[in-house]
Each structure stands twice: as C-alpha cells, then as structure tokens.
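Since the structure comes first, as structure tokens, the remarks are kept for the end.
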C-alpha cells in the first residue's frame with residue numbers, strides 16, 4: 001500500500017492508502033477532516049470541494065495518490081488561529097445561506113474560489129452560473145447568492161457597501 | 001423586553017459548527033472496533049431467488065460475515081405505521097416486508113445480502129463474489145401496468161395489485177351537485193414521481209454492548225423515537241430500555257428520513273452477531289433505489305359549476321403508487337393527507353374522493369415535502385384554471401368568488417377537516433400586488449417583441465400541519481400518537497437546557513426554540529441550549545415532519561415552561577412572604593404585584609436547587625418540568641404563490657423570471673428562518689414542475705437513477721424569491737403558530 005505525504009490545513013500529514021482511494025476518502029476516513037462531505041457518486045454535487053495547490057477541486061474526482069506532495073485546504077482550514085471565521089463563512093451565517101449544513105463546506109469553498117477569481121466584481125447571474133457545480137437542497141440558493149455578493153467587498157478589501165436588503 | 005425572543009431574526013447557533021466543518025453527521029462518527037457493511041441489492045425489478053452462494057465471498061480478505069434473507073426469517077417485517085380500510089370495510093393488504101429479500105426480489109435496489117468486512121472496499125469486493133441465482137419474473141413498473149387485467153402480481157395476496165380502495169365524502173351530495181350543474185369541467189392529471197435527494201445520503205451504525213445487552217443505532221432520521229418504537233417493538237423485539245437511537249446532525253430529510261428502513265434493522269441485528277459496531281453509508285446511486293420516493297399519483301377530477309362560476313361539487317378519483325412494499329406512512333399520504341385537502345381555500349359544498357393504492361415493482365413511495373397536500377393543491381388549482389377558461393371567466397375572479405370568506409371560520413369542510421383560521425383574500429391580494437399582476441400584460445408584450453412567450457401562474461392553497469389530535473389520527477388509521485414532548489431543565493444558576501422530541505435537520509430549532517425560552521422565561525438566548533436526536537436523553541418524541549415542530553413541539557415547550565413558572569411563583573411567594581396569587585412573572589422577574597419586591601429568575605432557580613429557605617413540606621426541590629402536548633386540531637397555513645416565466649418557443653427553454661409567495665403561517669418566531677424555509681420549499685416545487693422526474697422504464701429499471709440523470713435544481717434554475725406573510729393566528733395552540741416547513745413546496749409546483 002503506497003504511503004503518501006501532503007500538507008493539510010498548514011500541517012504535514014501522511015497515510016497509507018490503496019491505489020484506488022479517493023482524496024476525499026483520505027481526508028475524511030484516514031485524516032479525520034470530516035468537514036468535507038460526500039453527497040453523490042457522480043461528481044455532481046460539490047459537497048467535497050477543497051482547495052488543492054490554490055485550485056478548487058472536487059476531492060471525489062482525484063485519487064489520494066495524485067495529491068501526494070500537495071497543499072490542501074479544507075473547510076476546517078478556513079478558521080483563523082483566534083477562532084474567527086473567513087469572511088465567506090461570516091456572510092453565510094449573516095445571510096442564512098445554510099440550513100442542514102451538509103452542502104455548506106463545499107459551497108463555501110467554491111464560493112471563495114469564485115470571488116477570488118473575479119477581482120473585477122460579480123453580478124448575480126455570474127454568481128448563479130459560478131455555482132453550477134454545487135447542489136443545495138435546502139435553501140433554494142437565494143441566500144447563498146446574497147451571502148457571496150456580500151462577501152465579495154469584504155474579501156477584496158474594497159469599501160463597497162452591502163446592497164440594501 | 002427580550003431582544004432575542006419571538007419575532008427576532010436571530011442568527012443561527014448551529015451555523016457556527018456547520019460553517020467550521022465541525023458538524024456531527026452519522027458518517028462523521030467512528031466507533032471503536034468499527035467494521036463496515038455493504039448491501040448487495042437486486043438489479044432486477046422482480047425475481048424469484050433460487051439460490052445465494054456466499055461460499056467464495058465469505059473467504060475473501062477482511063470478510064467477517066455475510067447475512068441473507070434466510071437469517072432474518074425469525075424477526076419481524078418492516079412495519080407500516082398507518083392502516084387504511086377499503087370502501088367495503090376490509091383492511092388494506094399489508095404484505096410482509098422482510099428486512100432482507102426472502103423468496104423474491106420486488107424492486108431494483110431490494111437488499112439481498114448484508115456483507116460485513118473490515119473495510120468498506122473489502123465488503124464491496126466480497127459482494128461482487130456472491131453468486132446469485134435469481135429467476136427473472138415479469139414486472140409492473142407503473143400504475144397503468146399494475147392495474148391491467150391479468151397483470152403480474154407484486155404480492156400474491158394483493159389481487160389486481162390493489163392495496164386498498166378507499167373513499168371519503170358524500171357521493172350522493174356530489175351527484176346532486178352535478179345534476180344541477182351549468183358546466184362540468186374534467187381534468188386528467190399526473191403528479192410526477194420524485195426523489196427527495198437530501199444532500200446527506202442515508203447512513204447508519206449498529207452497535208451492541210455485550211456486557212449490558214444494550215443496542216445503539218446511529219441513524220440519519222427525522223424521528224429517532226419513532227425508529228426505536230418501530231424497530232424495537234415490531235422488528236427486532238428489543239425493549240426500549242435496551243435500545244438507544246441517536247440521530248445526530250442530519251443533512252436534510254424532506255420526509256425521506258422519517259421512515260424506518262430495512263438497513264437500520266439489519267445493521268442493529270447484525271452488530272449483536274458479529275459483536276462489533278457496523279457502519280453503512282449509502283452511495284448516492286444506492287439512495288436513488290432505496291430511499292422512499294414521493295408523489296406518483298394519477299387522477300381524474302370533475303368540477304361542477306353554476307352559471308355564476310360558483311363551485312357546486314367536486315369528484316376526484318386517484319390512483320396512488322405505493323411501490324413494492326408499504327413504507328412507514330405511505331397509506332396516509334394519498335388519503336388523509338391529500339383527499340381531505342380537496343376543499344382547498346374554496347367553499348365547495350360537496351366533495352367525494354376515491355383513492356386506489358397500488359403495488360408496483362418500484363421503490364416504496366411515501367411522504368415527500370408536503371406529502372399529499374401538494375398533490376391536492378396541484379389538482380385543485382389546475383381544475384380551477386381550467387374552469388375559468390371554459391367558463392370564460394377571469395381566473396382571479398373565479399377564485400375570489402369561491403374563497404371561504406374570512407368571517408366563516410371556524411369552517412367545516414365537507415371532507416372531515418375543520419379549518420380554525422385564515423384570510424385567503426389577504427394573502428391573495430398581497431401576492432397579486434407584490435407580483436405586479438396587473439402589469440403582466442405590458443411585460444407579456446415586451447417578451448413578445450423579443451420573440452418570447454411569457455406566462456404567469458397563480459396558485460392558492462391551504463394545507464394541514466401537525467396531524468392531531470392523537471385520538472382522531474388513531475381513528476383515521478395512525479398506529480401512533482401524534483403529540484410532542486418537551487423537558488425543560490433549569491440549572492441552578494439559571495441557564496436552561498431543553499430536551500425536545502422534535503428533530504432538527506436544517507430547520508434551525510437550536511435557534512428558534514431558544515428564542516421561545518428566551519421570550520417566556522426572560523433568559524438570554526445564549527443561556528439556552530436545545531438537545532434533540534437522542535432517545536437516551538429525551539423523554540420521548542414523535543419527531544419532525546408535517547411542519548409540526550413549532551406548532552406541536554414548541555407548544556409542548558410552552559406548556560412545560562408554564563409549569564416552571566408556576567413552581568417558580570410558589571418559591572418566590574415563600575421567599576418574599578407573599579401570597580402566591582400576588583406573584584407576577586414578567587421579563588424574567590417574579591414580583592409581588594403592587595410592590596417593588598422582586599426576585600430574578602436565576603435567584604429562584606438557585607433557591608430550588610439550594611433549598612435552605614424553602615417550602616420543603618409543600619414543594620419538591622429542583623426546577624425541571626416535562627410536558628406532553630397533544631393538539632386539539634391540525635393547523636392550517638394557507639396562501640398564494642405566483643410564478644412568471646418566459647419561454648423560448650424555438651428551444652422550449654423555460655426561464656423562471658419571478659416568484660412571489662405570500663403565506664399565512666400564523667405567528668412567526670424567526671422571520672429570517674421562515675424566509676429560508678419558504679425559499680427552499682419553493683425550489684423543490686419548481687424542481688418538480690420544471691426539472692425533476694423519477695422515471696422507470698417498462699421493465700422496472702430506474703432510468704433517472706443518478707444525479708447525472710435526475711435533474712436537481714441548481715442556482716441558475718431558481719430566481720430570487722419574494723416572500724411575504726399575512727398573519728391570522730392558529731386559534732388552538734398557545735403560540736398561534738401554524739407551521740412553515742412545507743408551504744413552499746405545496747404552493748409552488750403547479751405547471
């Protein structure tokens with residue numbers, strides 16, 4: 001069984017994995033990062049999105065061995081040392097963008113990638129299209145879209161006031 | 001005045017753990033010594049099991065045990081929780097639903113063998129090595145096929161595949177209404193089959209403690225006590241004190257996690273055989289063929305009208321697909337949760353409905369968000385629109401003309417229910433205004449100028465939530481009570497833990513229920529914790545479904561807090577040397593009326609636990625109370641939803657542009673959470689109307705069996721949603737709340 005090493009949320013980690021083990025299985029079952037969820041088996045739902053070497057990916061679409069030597073950030077890694085949350089997490093709470101919480105980690109990771117990759121700004125339609133890879137069954141997306149729009153100025157450090165509700 | 005009490009949009013307590021990735025879902029739990037299960041399932045819709053050869057598989061690496069249907073012949077079948085009687089008085093046909101298939105397989109996904117191994121992959125590998133000899137039998141995959149004369153039988157004891165043939169209402173009164181009709185409109189309607197697809201797939205861990213003989217089941221359930229009752233008493237014969245059921249954080253339910261599933265019983269039973277905790281997590285493709293499906297009704301309806309467009313009588317004949325076995329509440333869905341709602345918001349004087357429930361070689365069908373009420377609403381609103389068209393009347397006008405007027409409450413419908421309160425004109429008018437209904441013609445012309453078609457749809461509805469009282473539910477066939485339980489534990493320093501029988505799987509109970517406590521006891525919101533989902537902690541409970549948690553579970557909390565306050569008054573009277581009748585409790589203080597003497601809630605709590613100066617002869621120490629609340633009636637939310645779409649006639653693409661919902665859900669505790677519930681429900685209704693459909697081919701194979709084939713609504717399928725409320729209070733519960741979990745899905749799925 002191959003042993004692999006990688007960095008998860010800033011700390012080195014290693015584990016023995018079968019060749020067929022998926023990255024999400026490594027994170028959840030071997031390393032205990034259970035914040036990353038599995039919602040489907042066809043790469044449709046996005047509950048397992050993590051950041052790997054700066055790119056957001058569905059961790060069910062990658063073998064664990066392919067992640068050897070990489071740097072991975074999961075939802076747990078977004079919490080600062082003082083316990084405070086990332087602005088995207090804050091805005092999800094502020095705008096009630098989660099209900100059961102199951103899709104939330106993947107949704108937040110995708111949303112951060114969406115905002116980071118659009119320094120020029122995001123329209124509502126762009127946010128909706130940008131969430132193409134993530135399913136939520138609880139919220140109807142309305143509040144997720146609002147939360148992402150509200151997180152954009154916080155993440156880009158521009159003093160754009162939040163749109164009035 | 002409490003800032004975090006009723007009416008405040010308090011941000012959710014539970015979000016802190018969910019957003020940090022610290023939720024505690026069943027698959028996140030790992031027990032010491034845990035092993036893994038895989039269920040080998042039928043890939044045939046109908047077949048005779050001639051043999052299951054596990055010899056090679058049982059010698060595969062890591063395999064601990066393999067069980068088949070033969071191992072479960074001594075335990076009970078999976079029970080059904082609701083019994084319907086046919087017109088002729090005979091009880092429904094209730095075939096045995098074995099834990100693992102025995103003798104026959106009856107749908108694709110029917111479990112045949114349980115493989116227990118050291119790892120998930122080893123269990124799956126071994127499943128591949130099990131040799132099945134299953135002889136294919138002809139299958140019936142749809143209502144139509146199952147009801148053909150001479151159709152293959154799903155169960156030998158169910159002649160013609162009929163489970164029951166039921167009726168409600170006054171057929172003679174309906175015939176009289178039709179006899180004097182000016183116009184009769186007729187509608188054939190299919191309510192398409194759906195799959196709930198909560199984002200968290202079902203999962204369970206069965207565990208057995210050899211020393212104590214105690215079983216524990218961790219499961220993705222909306223109602224752990226109901227699972228304990230059904231599985232313990234009916235399937236495995238484990239007494240309650242030796243069976244703990246834990247439903248921790250659950251990732252959405254929408255009805256599909258109400259039911260007792262075979263996997264739960266199989267894992268619990270097997271854990272005692274292998275003496276190790278056994279964990280199973282459904283893959284999504286497995287969920288598609290094992291989670292109970294929803295809807296799947298075919299109806300014919302006729303509405304009789306007089307010359308003015310007043311409804312005279314309605315008759316409805318529905319065929320309802322039960323699937324291959326009776327799931328926990330399946331028989332109640334097309335009958336008492338649907339046909340009884342056929343009055344809707346209208347004063348139709350005579351109604352008669354017949355429901356034929358039918359077995360097919362498909363996954364069992366049971367309650368899905370709204371459960372029967374969306375089916376009734378869809379039928380009613382479609383036939384009302386049709387009537388308007390055929391009578392050449394305006395569809396707004398025909399509705400107004402037939403609404404139950406607001407001064408008619410309490411209103412007895414001709415089919416069993418008595419609505420306690422409502423104002424259908426108020427929600428209707430508010431929705432028409434918010435959607436700018438009068439401006440639609442202008443917008444339609446603008447679309448036409450772009451070469452697009454534009455349409456607007458109106459749906460009014462009433463629903464029945466919080467099935468009750470228990471005695472009535474029992475008379476209608478429920479095999480359980482439908483009360484709710486709350487235990488309020490005030491700690492010595494005045495903080496509070498609430499143990500509720502309701503279960504939160506997205507609804508935000510930890511926040512809203514704490515608001516109730518904050519309001520009534522004057523205790524700060526952050527000093528209140530809500531505990532749910534563990535039969536070892538909570539006295540009892542019926543769980544969360546049918547939009548019942550606040551109206552029934554919240555009312556139980558109010559009743560328990562009334563007892564706390566009553567006891568607190570006695571303690572306060574003693575401390576302040578006053579008559580107990582002169583003690584008033586307000587804003588967290590017990591005071592003597594007409595004086596400035598007062599004791600804070602926390603002082604009374606401390607006195608109760610440190611009873612040095614205490615009326616010990618008359619009063620026990622401590623401050624903890626339990627209430628079981630059995631409601632007097634259902635609650636009846638109602639409202640109006642309006643959807644506006646643009647259609648590209650060349651491609652057929654439908655663009656949902658605007659959605660307006662105005663609902664009367666009684667008293668609102670947390671407006672932010674209410675909006676979220678309505679928006680989420682609407683997305684599911686829109687999904688049913690435009691995207692979702694569980695399709696079986698004629699042979700019984702599920703064609704839309706993955707998220708690549710079954711279209712779930714995505715962010716760009718749903719518009720922004722206007723949510724408004726117009727309130728009339730529920731008249732028979734202490735909160736005045738009616739329930740909000742299902743209104744979104746009930747009002748919205750019209751096509």
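The values are calculated or read from the model by the stated rules, or taken from the named source; none is laboratory data. Worth saying up front: this structure is predicted, and the values here are computed from it rather than measured. All Cβ positions, even for glycine, are placed from backbone atoms using ideal geometry, and neighbour counts span all protein chains on display.
For residue A:69, indicate whether it is modelled with pLDDT of 95 or more, in a loop (DSSP other than H, G, I, E, B), within 12 Å of chain B (Cβ to nearest Cβ) and more than 13 Å from the chain's Cα centre (by Cα). Taking the combined requirement at face value, the residue does not satisfy it. Scanning the stretch A:48-66 for residues being within 14 Å of another protein chain (Cβ to nearest Cβ) and touching a residue at least 60 places away in the same chain (Cβ under 8 Å) gives a total of 4. Cβ-Cβ distances below 8 Å connect the following pairs, each with a first residue in the stretch B:540-555 that is surrounded by fewer than 24 Cβ atoms within 10 Å (Cβ to Cβ), a second residue that is in a loop (DSSP other than H, G, I, E, B), and a separation of six or more residues or different chains: B:540/B:501.
To keep it simple, each residue is scored yes or no on (1) outside the structural domain of residue B:334 (by TED's automatic domain parsing); (2) closer than 30 Å to residue B:142 by Cα; (3) modelled with pLDDT of 95 or more; (4) outside any helix (DSSP H, G or I).
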{"residue": "B:348", "(1), (2), (3), (4)": "no, no, yes, yes"}
{"residue": "B:353", "(1), (2), (3), (4)": "no, yes, yes, yes"}
{"residue": "B:374", "(1), (2), (3), (4)": "no, yes, yes, no"}
{"residue": "B:377", "(1), (2), (3), (4)": "no, yes, yes, no"}
{"residue": "B:380", "(1), (2), (3), (4)": "no, yes, yes, no"}
{"residue": "B:385", "(1), (2), (3), (4)": "no, yes, yes, no"}
{"residue": "B:398", "(1), (2), (3), (4)": "no, no, yes, no"}
{"residue": "B:407", "(1), (2), (3), (4)": "yes, no, yes, no"}
{"residue": "B:425", "(1), (2), (3), (4)": "yes, no, yes, no"}
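Restricting B:44, B:83, B:74 to those that are buried (at least 20 other Cβ atoms within 10 Å of the Cβ), away from every other protein chain (no Cβ under 14 Å) and over 30 Å from residue A:24 (Cα atoms) reduces the list to B:44. Of the residues making up the stretch A:38-80, those that are farther than 16 Å from residue A:109 by Cα and exposed (fewer than 15 other Cβ atoms within 10 Å of the Cβ) are A:42, A:66, A:68, A:69.
Residue check: residue B:294 meets all listed conditions (1) within 18 Å of residue B:63 (Cβ to Cβ); (2) within 14 Å of another protein chain (Cβ to nearest Cβ) but one, namely (1).
Residue-wise test of (1) within 14 Å of chain A (Cβ to nearest Cβ); (2) surrounded by fewer than 22 Cβ atoms within 10 Å (Cβ to Cβ); (3) without any contact (Cβ under 8 Å) to a residue 24 or more places away in the chain.
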residue: B:11; (1), (2), (3): yes, yes, no
residue: B:39; (1), (2), (3): no, no, no
residue: B:52; (1), (2), (3): no, yes, no
residue: B:62; (1), (2), (3): yes, yes, no
residue: B:65; (1), (2), (3): no, yes, no
residue: B:69; (1), (2), (3): no, yes, no
residue: B:78; (1), (2), (3): no, no, no
residue: B:95; (1), (2), (3): no, yes, no
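Inspect the stretch B:658-678 for any residue being closer than 26 Å to residue B:288 by Cβ, within 14 Å of chain A (Cβ to nearest Cβ) and crowded, with 24+ Cβ neighbours inside 10 Å and give the result as yes or no. Yes: the stretch B:658-678 contains one or more residues that are closer than 26 Å to residue B:288 by Cβ, within 14 Å of chain A (Cβ to nearest Cβ) and crowded, with 24+ Cβ neighbours inside 10 Å. Just one residue in the set A:133, A:106, A:77 is in contact with a strand residue (DSSP E or B) (Cβ under 6 Å, 6 or more places away or on another chain) and in contact (Cβ under 8 Å) with a residue 40 or more places away in the chain; that residue is A:106. As a summary of the residue check, residue B:693 satisfies the conditions (1) more than 13 Å from chain A (Cβ to nearest Cβ); (2) touching a strand residue (DSSP E or B) at 6+ places or on another chain (Cβ under 7 Å) except for the one numbered (2). None of B:396, B:384 is surrounded by fewer than 16 Cβ atoms within 10 Å (Cβ to Cβ) and in contact with a strand residue (DSSP E or B) (Cβ under 9 Å, 6 or more places away or on another chain) except B:396. Summed over the stretch B:173-188, the residues that are more than 16 Å from residue B:316 (Cβ to Cβ) and loosely packed, with under 13 Cβ neighbours inside 10 Å give a count of 2. Is it the case, given these coordinates, that residue A:45 is at the interface with chain B (Cβ under 7 Å from one of its Cβ atoms) and not in a helix (DSSP H, G or I)? So residue A:45 passes the test. Among the residues of the stretch B:247-282 satisfying the criterion of being part of a strand (DSSP E or B) and within 14 Å of another protein chain (Cβ to nearest Cβ), which is surrounded by the most Cβ atoms within 10 Å (Cβ to Cβ)? Looking at the filtered set, the residue picked out is B:280.
Only a single criterion out of (1) away from chain A (no Cβ under 14 Å); (2) farther than 26 Å from residue B:344 by Cβ is not satisfied by residue B:636, namely (2).
So in the stretch B:696-751, with the set limited to residues that are within 20 Å of the chain's Cα centre (by Cα), under 23 Å from residue B:323 (Cα atoms) and assigned to a loop (DSSP other than H, G, I, E, B), which one is farthest from the other protein chains (Cβ to nearest Cβ)? Among those that are within 20 Å of the chain's Cα centre (by Cα), under 23 Å from residue B:323 (Cα atoms) and assigned to a loop (DSSP other than H, G, I, E, B), it is B:749. Would you mind stating whether residue B:657 is touching a residue at least 60 places away in the same chain (Cβ under 8 Å), over 22 Å from residue B:5 (Cβ atoms) and in a helix (DSSP H, G or I)? No, not satisfied. Checking each residue in the stretch B:199-231 for being out of contact with any helix residue (DSSP H, G or I) (no Cβ under 8 Å at 6 or more places or on another chain) and within 17 Å of residue B:482 (Cβ to Cβ) picks out B:222, B:223, B:224, B:225, B:226, B:230. Taking residue A:151, is it crowded, with 24+ Cβ neighbours inside 10 Å, modelled with pLDDT of 95 or more, over 19 Å from residue A:48 (Cα atoms) and more than 11 Å from chain B (Cβ to nearest Cβ)? Yes; evaluated as a whole, the condition is true for this residue.
Every condition in (1) within 19 Å of residue A:100 (Cβ to Cβ); (2) crowded, with 24+ Cβ neighbours inside 10 Å; (3) more than 14 Å from chain A (Cβ to nearest Cβ) holds for residue B:220 except the one numbered (3). When the test is whether a residue is within 10 Å of chain B (Cβ to nearest Cβ), part of a helix (DSSP H, G or I) and under 18 Å from residue B:23 (Cα atoms), residue A:89 passes it.
Applying the set (1) surrounded by fewer than 20 Cβ atoms within 10 Å (Cβ to Cβ); (2) in contact (Cβ under 8 Å) with a residue 12 or more places away in the chain to residue B:709 leaves exactly one unmet item: (2). Taken together, the residues in the stretch B:147-195 that are closer than 30 Å to residue A:104 by Cβ and in contact with a strand residue (DSSP E or B) (Cβ under 6 Å, 6 or more places away or on another chain) amount to 3. Scan the stretch B:468-482 and give yes if some residue there is in contact with a strand residue (DSSP E or B) (Cβ under 9 Å, 6 or more places away or on another chain), buried (at least 24 other Cβ atoms within 10 Å of the Cβ), part of a loop (DSSP other than H, G, I, E, B) and at pLDDT 95 or above, otherwise no. Checked against the condition, which is being in contact with a strand residue (DSSP E or B) (Cβ under 9 Å, 6 or more places away or on another chain), buried (at least 24 other Cβ atoms within 10 Å of the Cβ), part of a loop (DSSP other than H, G, I, E, B) and at pLDDT 95 or above, the stretch B:468-482 yields no hits at all. Of the residues examined, residue B:24 is one that is surrounded by fewer than 18 Cβ atoms within 10 Å (Cβ to Cβ), in contact (Cβ under 8 Å) with a residue 24 or more places away in the chain and either within 14 Å of another protein chain (Cβ to nearest Cβ) or under 15 Å from residue B:267 (Cα atoms) (or both).
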